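One structure is given here, and the rest of the page talks about it.
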Amino acid sequence: MAKSLFDKIWDAHVVRSIPGGLDVFYIDKHLIHEVTSPQAFAELEERHLPLYRKNQIVATADHNVPTKNQHLPIQDPLSRTQVDQLTANCERFDIELFGLGHQNQGIVHVMGPELGITQPGMTLVCGDSHTSTHGAFGAIAFGIGTSQVTQVMASQCLLLSRPKRMRITVDGELKPGVTAKDVILYIIAQLGTGGATGYFVEYAGSAIRSLSMEGRMTVCNMSIEMGARGGMIAPDETTFEYLKGRPYAPKGEKWEQAVAYWKTLHSDEGATFEKEYTYKAEDIAPMITYGTNPGMGIAITDAIPSEVPAGETVSFEKSLKYMGFKPGESLLGKEISHVFIGSCTNSRIEDLRTVANYVKGKHKADNVEAIIVPGSKQVEKQAKEEGLDKILAEAGFELREPGCSACLAMNDDKIPAGAYCVSTSNRNFEGRQGPGSRTLLASPLVAAITAVEGKIVDVNRYLN
Amino acid sequence: MEKFEVLRSAAVPLAIENIDTDQIIPARFLKATSREGFGKNLFRDWRYDSEGNPIEGFPLNDSRYSGQILVAGKNFGCGSSREHAAWAIYDAGFRVVISSYFADIFRGNALNNGLLPLQVSDEVLQRIFQQIEADPTTEFVVDLPKQELYIPAWEERISFDIDAYKKECLINGYDDIDFLVNQKEAIEAYEKNRIWAY
Ligand code: SF4
């Protein structure tokens, strides 16, 4: 029978099905970080349960770490406690940890793929909703709550019901200046923030195939923003090429065996999906959000809808009031005071290259504060090797040390109340980047252009 | 986990759609390493101004409303996977959240903590909001064994769905860990036959 990619991987991970429709579902890799793991470790100890498979866990510190002076002790006592506790827990349970200062440290969803930990066909979880990022490799990857973190620690399994399947196909060729970020912002604007709730999404079509691994990760990353449990893309030569030679990827004969297996991981002709959507790549333009959920996105040259979109009522008005925008108005010409380039959506080396490439020989506008936070130590190192750090510094951008940073503003990197920030992250919720902050989500290219111009502009006119 | 069977209570209305977990509990309050104490920061930035004074008009600050049931607009709990959101709601004294749609991860987190996510139709949800507006003391009866929401004022019983296994867990106060740990034999057998050792 024709099977979808999702079902092939799901079926291979069912330990047993129990009456009532739940599966005991096996997890190959478990990533943990400092914010959602302490209570799980505590619970394990309270219940006197051993850690079941320590070799299948990798830890890093990312959410709560400062992005300046990482070699010094963390100033904020609460943040320090959390990071210290992760270190202590990892030592006690003998778990591999890429802590602050380690050459592999980074945002958990940047770190895993770049080290080759994330591989096609595997199941991977983390106490973080953007675990969907790893689906770019053709894996079933999704975010879990802390109780489930404990469950995986205790049994390497979860008790789950199988989600429904959705396929989103984007065919055609993307226009110049249109990036993976625009593709996913466009899809979310079509489906809305709850449009894929209950589904696992496979992205397909020639426009998706044409994306690099970095681009695919950007797309899968934001699947959760339309409510999807996760997103995935079938592995292909682009995937294998990216993985080959990475530290945790299989080597030699094992590599050959792995690739042979990975090549079977695609949706068969005739596989069924409970929902299918198809979009044309040519219809997608550089995007930006104007509201307080990621579904409130428009082409940068379009006006904000003048009427409340179907299905939204109170939130639309509340949202525009918070943002200081009016229905029907254009964003072009709006002054921006902050630009944040970073987060697990867009902080990979390709993103930094895009920004550096655009700002080379230019300078940020005086009214803008622009920070770039690389996704990991590896990205930071590579950016320096390629001389991107100098280009960015000359353009007035501040290159920081790796972490989640102003994506969720748990550390000191906060956008001031009332200020507008064009951000390459994934969430524009009220106060997400600091109490009162106003976030406009966009691609790294749009962010770079905005930083130079000091306001929202028609980016199409700035592309050579 | 505390057992849940039948709850009789008034409800607090929050007629806003797409309430994300960043609103339920902002990230800056996630620095604790225990599960307790999150309730005081529930909806922090909607409930208090930057000086910490209660914001007038926000339902949780409105003395007309009380009870252990929170009624919220559709797509409740979207955004981050932080279980702290479920802990904060529970810690603030709620045992049930009624909405016409829940984000997946939030729904799971709630169930794992003895907080019942009760889904009704959009139409019923709007009627509930109107009912509370008209009479904030309206009582609601949530009967989990019968899977029924009973509203005496309407003399109406509205049935709701819940996974059979999860229902048992809530009624008995069990959680998935007990179950999974007892599956060791099956899990070990599975591990011997994994197709590809990642
Ligand atoms: S970068 Fe932002 S979205 Fe990504 S894991 Fe960190 S906090 Fe979450």
Would it be correct to say that B:Gly79 is more than 30 Å from A:Asn221 (Cα to Cα) and modelled with pLDDT under 95? no
Whether any residue in the range A:380-390 is buried (at least 22 other Cβ atoms within 10 Å of the Cβ), under 19 Å from A:Val110 (Cα atoms) and within 16 Å of the ligand (Cβ to nearest atom) is what I want to check. yes
Can you confirm whether A:Val355 is modelled with pLDDT of 95 or more and within 16 Å of the ligand (Cβ to nearest atom)? no
Using the structure shown, decide if A:Ala42 is closer than 22 Å to B:Asn109 by Cβ and surrounded by fewer than 21 Cβ atoms within 10 Å (Cβ to Cβ). yes
Does A:Arg438 fit the bill of being away from the ligand (no atom under 16 Å from the Cβ), under 23 Å from A:Pro286 (Cα atoms), within 14 Å of chain B (Cβ to nearest Cβ) and over 17 Å from the mean Cα position of the chain (by Cα)? yes
Name the single residue that is surrounded by the most Cβ atoms within 10 Å (Cβ to Cβ) among those in the range A:341-379 being over 20 Å from A:Leu463 (Cβ atoms) and among the charged types (D, E, K, R). A:Arg348
Could you figure out which of (1) surrounded by fewer than 18 Cβ atoms within 10 Å (Cβ to Cβ); (2) small (Gly, Ala, Ser); (3) touching a residue at least 40 places away in the same chain (Cβ under 8 Å) isn't true of B:Ser34? (3)
Got at least one residue in the range A:307-321 being in contact (Cβ under 8 Å) with a residue 12 or more places away in the chain, away from every other protein chain (no Cβ under 14 Å), part of a loop (DSSP other than H, G, I, E, B) and farther than 30 Å from A:Phe142 by Cα? yes
Scanning the range A:134-148 for residues that are in a helix (DSSP H, G or I) and within 13 Å of chain B (Cβ to nearest Cβ) gives A:His134, A:Phe137, A:Thr146, A:Ser147, A:Gln148
Inspect all residues belonging to the range A:367-374 and state whether any of them is in a helix (DSSP H, G or I) and more than 16 Å from the ligand (Cβ to nearest atom). no
Please specify each residue of the range A:399-435 satisfying the condition of being away from the ligand (no atom under 15 Å from the Cβ), part of a strand (DSSP E or B) and either within 14 Å of another protein chain (Cβ to nearest Cβ) or within 24 Å of A:Ala383 (Cα to Cα) (or both). A:Leu399, A:Val422
Taking the condition in a helix (DSSP H, G or I), of a type in the set (Val, Ile, Thr) and at negative phi, does B:Ile162 pass? no
Which of the following residues is within 21 Å of A:Lys54 (Cβ to Cβ) and touching a Gly at 6+ places or on another chain (Cβ under 8 Å): A:Val170, A:Val125, A:Val110, A:Val152? A:Val125
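Matching residues to (1) basic (Lys, Arg); (2) within 14 Å of chain B (Cβ to nearest Cβ); (3) under 26 Å from A:Ser443 (Cα atoms):
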| residue | (1), (2), (3) |
| --- | --- |
| A:Pro235 | no, yes, yes |
| A:Lys254 | yes, yes, no |
| A:Ala260 | no, yes, no |
| A:Tyr277 | no, no, yes |
| A:Tyr290 | no, no, yes |
| A:Ile298 | no, no, yes |
| A:Ala303 | no, no, yes |
If I filter the range A:149-167 down to residues being within 15 Å of A:Thr197 (Cβ to Cβ) and in a strand (DSSP E or B), which single residue comes out as nearest to the other protein chains (Cβ to nearest Cβ)? A:Ser161
Residue satisfying condition, being within 16 Å of the ligand (Cβ to nearest atom) and closer than 25 Å to B:Glu2 by Cβ, within set B:Ser81, B:Ser34, B:Ser66: B:Ser81
Kindly indicate the residue of the range A:45-76 that is outside any loop (DSSP other than H, G, I, E, B) and among the β-branched types (Val, Ile, Thr) and also farthest from A:Lys377 (Cα to Cα) among those meeting that condition. A:Ile57
Selected residue (criterion: surrounded by the fewest Cβ atoms within 10 Å (Cβ to Cβ)) from residues of the range A:109-133 that are near the ligand (Cβ under 9 Å from one of its atoms) and away from chain B (no Cβ under 12 Å): A:Val110
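The values are calculated or read from the model by the stated rules, or taken from the named source; none is laboratory data. All values reported here derive from a predicted model rather than from experimental measurement. So basically every Cβ, Gly included, is an ideal-geometry build from the backbone, and we count neighbours across all protein chains shown.
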